[in-house]
1. Pop the C-beta distance of ALA128 and GLN90 into the FRET formula with R0 = 25 Å and round what comes out to the nearest 0.05.
2. Can you list the residues, at least 5 places off or on another chain, whose amide H is less than 5 Å from the amide H of LEU162, using H built in the peptide plane?
3. Once you have the Cα-Cα distance between THR111 and TYR43, take 0.36 nm times their residue separation minus that, and quote the gain in nm to one decimal.
4. What do you get for GluC sites (Glu not before Pro) in the range 92-195 restricted to DSSP loop and a cutoff of at most 12 other Cβ within 10 Å of the site's Cβ?
5. Express in nm, to one decimal, how much length is gained between GLU104 and TYR6 on full extension, taking 0.36 nm for each residue of separation and deducting their alpha carbon distance.
6. Cβ under 13 Å from ALA67's Cβ, ALA67 left aside: what net charge do those residues give with Lys, Arg +1 and Asp, Glu -1?
7. Please state the Cα pair-distance histogram of the range 60-192 with 5 angstrom bins from zero: what percent is in each bin?
8. Tell me, what is the FRET efficiency for SER150 and ALA193 to the nearest 0.05, using R0 = 35 angstrom and their Cβ-Cβ distance as r?
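Derivation of every value follows stated rules applied to the coordinates shown; laboratory data play no part. Keep in mind that this is a model prediction, so the values were computed, not measured. Backbone-built Cβ (ideal geometry, glycine too); neighbour counts: all protein chains shown.
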Amino acid sequence: MTPSTYPDPPPPPAPPARRSNLLLWVVLIASWVALGSWAWHVYRQAASAWPLIPEVPAGTYHTVKAAAGPVSLRLADGTLVRLGGLAEPQTPADADRALARLAELAPPGATVFVELEPRRAGDDKPPAPASVFLPPEGAGRPWPFPYGRSRLLGHILVREGLVRVTPEEGYRYHNEFLLTEDDARRHHRGVWAGP
């Protein structure tokens, strides 16, 4: 055998300096965390100083003076509001039942949240249609108004079958009221009880 004329293979590359790479990663991650913390701090200060979306009240709190009709309330400031989306009861007995229930739900001195509904052209006669909400019991007058924990007076009257839904579709909760009225009809509640 003759000695090989090939050159010796190059030595394997030296392993990377693991310690220096690890230190580099630690410094890099710490920098990212510090930068993120600083950015969050600046954002929080700016957000509290200049709110991006101002709160615009959709309604106002009022105190009830009395139930003025089966679907109407007189407020302490003298305003008369009609519960939106509801038709007047057709018989005096139905009107008396609806009025009694409305007076029970919103007695004099009760706090309600009133959102006046937009009116159609030419419909400027009082009372003004409104969505009237009962705030959660014991909550006072929270702001922003807690719609998810509140009850809509008109919805309660429709659910109990004490009033019917108006045929006009201009009211914002018209579809929900129709579904609730259908449920009251199917379960024979109130005016749907039959003879």
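1. In this case the efficiency is close to 0.60.
2. VAL191
3. 20.7 nm
4. GLU137, GLU168, GLU169
5. 24.7 nm
6. Net charge in that neighbourhood comes out at +3.
7. 2, 11, 21, 24, 22, 14, 6, 1
8. 0.80
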